[in-house]
Structure formats: C-alpha cells, structure tokens
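Asker: Have a look at this one.
Computed from the coordinates by the stated procedures, all read-outs in this text should not be read as laboratory data. Remember, predicted model here, so these are calculated numbers, not experimental data. We place every Cβ from the backbone using ideal geometry, glycine too, and count neighbours over all the protein chains shown.
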C-alpha cells in the first residue's frame, strides 16, 4: 500500500530518494498542461521540505492556477522598486535560507511579519506592499510601526510590531546589497527607536519540575515528563530534544559514562559526565528514568501512543507538543506564565544558585559567551545572599570593621 503524503503536501510536488538517503523535491505540471503550452516550467526544489513547500505554495502553484483558469501565468517577479518586490528579493537571497543565521522556525515568523506589513491597508486603499521604495521615508516607517502596534480589536501587539520593523530593516539591507541600483541606500527602518523590552522568561524551579513530571506521568504521557527533565538537568533546547536526541547519545559506544548532548543552535557538543570520580551518580533522577524507559525508536522522546495508521511511535510535532505541555502544566497547578523554555532557564538558575562559575555554567549549557549565560541564569535571592556572605567573609578576614 503506497504511503500517504503528509497533510499540507503541495499540489504538483513530487519527491525522490537520493543515493545518500535524503529526499529531493521537484515541481512539474501535468503532461496535458505542457502540451497545451503552460509557461510554468519544471523545477528542482532542493532537499529542504519547508523551502520546497513554500515555493510551491506561494509561487509555482499560483502561477499554474492562474494559467489554468485565465490562460496566462502570474508574473514571476513583481514590478521592480516596490516594497513587495523588495521582499521577494530578500526571500530569494542566500541570507534568508542560511540556517546558521535563520532557523526554519524563525524564517516562518519573518515570513509572517513581512506579510503583515505588505498587506497593511493605507488610507487611500492601497496596501503598503504596493508602495515604491523611494516613497518610504523614515517618517512613514514610524507611522507604520504605530499602526501595527494595535490589532484591529484595539489590543496591543508591540512585540510583533517591533519584530516587523527589524525584519524590514534587514530585508531592506539585503535587497540593497543585491539590487543597489534600484533600492535606495537610505534604509527608513534603520535607527528606529523601538522601546520594547522583552519579557524575561520565568525559570522553572525544581519543585515545579517534579510536579510537572508527575502530572505528565498521570496523564499517560511520560515522554513529556522525560523531555522536561532533559531540558532542566541537561539544559538542552526543545527542538533538539524532540527532533535530534537519540538513544545513541545516551551512554554511547566508547563513552558509557557520558551523555553526548549537542546544542544545534550554537553548534556546541557537550559530553556530560554521568558519574563523579568516586562513582557517584551525578544525575540520579534522569538516569533512573531513562534506564527504565521503553525504547520506541531511535529518538529518546517520542509520542507515547502508537500512530493508528503507521503503527509506530511518531516524534512529537512542536505545535501539538506545546498544547499538551500547557494542558499538563494546568493539571499540575503551575503558573500559566511558565513555558517549556523556562525549564532550561531553571536548570541554569539552579547552577547559579549552586555557586557555579561562569566557565562551569558554559561548560554544561553549551553557551559560547558569558552574556548568554547571564541571560539564562536569573539572579535570585540565594545568589545575592551567597554574594553578601562572601563579601562579609572577605571583610572579616582582613580585619575590617565587620569583625
């Protein structure tokens, strides 16, 4: 029985397995359309499903549908010099697809805010995307930001508006590098004063972790509890836990006393010791859970129930995982403001409370810089108390007035 294509698979896109095992994607119109003179040409779409799907959904299939219904193809490029044209130039540039610079998840958010800007309606009925670049001055960018801060229902969305302005600034800069004869050098989105301060992620405490894991186990979704423990104890990010962490990383061949944690965002591999020099288990709760866990596949964290059609334990999809985390958090009676990323912040903060040095924290978390370590390690009363204690000890030792 042939495998079904996943939900959302683009029309007229096919795949082929390459010798190395990767899937390559292709677009091609039906034979009858070719014979009828359809101007949309076959195209190799590469090996990234997300990029291939986006090109089919946004460019190739609309062109084909336009030809099929009206007898003519949608122009491949928008009129040069408009904001929409600039966005197309940016989204076709290597910088937009460089995974070291922009992750797939971030690319989707960039796409969303650029669409928000392009479709913003002006007083004269036009959309912002139709404006010529030469007419977009810094004042226009300021007015656009003021408008985007408010949703149609009057509620605020400052974070979205700030992201939109920053992505527009980046898109303008990239487009200027590629089309300097058309894109004005003055970037109206640069040097904007955007007084937005991101809300700090609330770190999860160890007590909250224990409550969350129990609620996950009670709900029959032990994999979510395991994922939470890995995030807190081993400081790994959600995407890496769900999509990359395999059983081969836990006590791998040749390193039976290690857990090989890879931080994809920073490219940092971290070999975590599982035992102290005297044989003491360093992560007793984590190891006890993993040693007792069933192995449903190569990944450590998979869904707990069999897929009804494929009869295997599939990986978690991030959106569904997020919803289930919210349900379990509610069942555990934990503050709704707590997010899954707060587990990693909580683990780092626990390290700060334990008096770990900056170098020790970075060695465990895979952070490359001290600034990132400080971002994740929240200042707590315990750290301030320890700091005051050490200062008192230093003054007393020197025979100051604190004796």
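Asker: Output the relative contact order of the stretch 13-70, whole-number percent, from Cα pairs under 8 angstrom with separation of 6+ residues. It would help to have the intermediate numbers written out before the result.
Answerer: Numbers: 58 pairs, mean separation 17.4, N = 58.
RCO, the stretch 13-70: 30 percent.
Asker: Based only on other Cβ atoms within 10 Å, what is the fewest-to-most ordering of 205, 349?
Answerer: 205, 349
Asker: Taking 7 Å along the Cα-to-C-beta vector as the label spot, tell me the residue 104-residue 292 distance in nanometres, rounded to one decimal.
Answerer: Taking the simple label geometry, residue 104 and residue 292 are separated by 3.4 nm.
Asker: For a protection proxy built on the mean count of beta-carbon atoms within 10 angstrom, sort 127-135, 280-288 highest first, please.
Answerer: Highest mean packing first, the order is 127-135, 280-288.
Asker: Mind checking the angle between helix 341-353 and the chain's longest principal axis? C-alpha axes, 0 to 90 degrees, to the nearest 10.
Answerer: Once rounded, the angle reads 30 degrees.
Asker: Taking only C-alpha pairs under 8 Å that are 6+ residues apart, what is the relative contact order of the chain in percent? Present the calculation step by step, with values, prior to reporting the outcome.
Answerer: Values: 495 pairs, mean separation 44.6, N = 403.
The normalised contact order for the chain reaches 11 percent.
Asker: What's the angle, to the nearest 10 degrees (0 to 90), between helix 158-178's Cα axis and the longest principal axis of the chain?
Answerer: Taking Cα atoms only, the helix is inclined about 60 degrees.
Asker: Return the calculated 222 nm mean residue ellipticity for the chain, to the nearest 500 deg cm²/dmol, obtained by summing -39500 (n - 2.57) across DSSP H runs with n ≥ 4 and dividing by the residue count.
Answerer: Helix-only estimate at 222 nm: -13500 deg cm²/dmol.
Asker: Report the Rg/Rh value for the chain, based on alpha-carbon coordinates and the Kirkwood definition of Rh.
Answerer: Numbers: Rg = 26.2 Å, Rh = 25.3 Å.
Rg divided by Rh gives 1.03.
Asker: May I ask you to sort 176, 212 by Cβ crowding, counting other Cβ atoms within 10 Å and putting the fewest first?
Answerer: Fewest-to-most Cβ neighbours within 10 Å comes out as 176, 212.
Asker: At 7 Å along Cα-to-Cβ for each site, give me the label-to-label distance between residue 282 and residue 359 in nm.
Answerer: 1.6 nm
Asker: Now, a different point. If contacts are Cα pairs under 8 angstrom and at least 6 residues apart, what is the relative contact order of the stretch 83-178 in percent?
Answerer: Computed over the stretch 83-178, the figure is 36 percent.
Asker: Checking a compactness column here: for the stretch 83-178, what do you get for Rg(Cα) / (2.2 N^0.38 Å), N being the number of residues?
Answerer: 1.07
Asker: Here's another thing I want to ask about it. Can you tell me the 0 to 90 degree angle between the C-alpha axis of helix 222-234 and the longest principal axis of the chain, rounded to 10?
Answerer: On a 0 to 90 degree scale, this one is about 70.
Asker: Additional query: Across the stretch 13-70, how large is the tail of the calculated P(r) beyond 20 Å, expressed as a percent of all Cα pairs?
Answerer: Here the tail beyond 20 Å accounts for 29 percent of pairs.
Asker: Using packing as a proxy for protection, rank 354-363, 233-242 so that the peptide with the highest average count of other Cβ atoms within 10 Å comes first.
Answerer: Working: 354-363: 14.2, 233-242: 21.4.
Most protected by this proxy first, the peptides run 233-242, 354-363.
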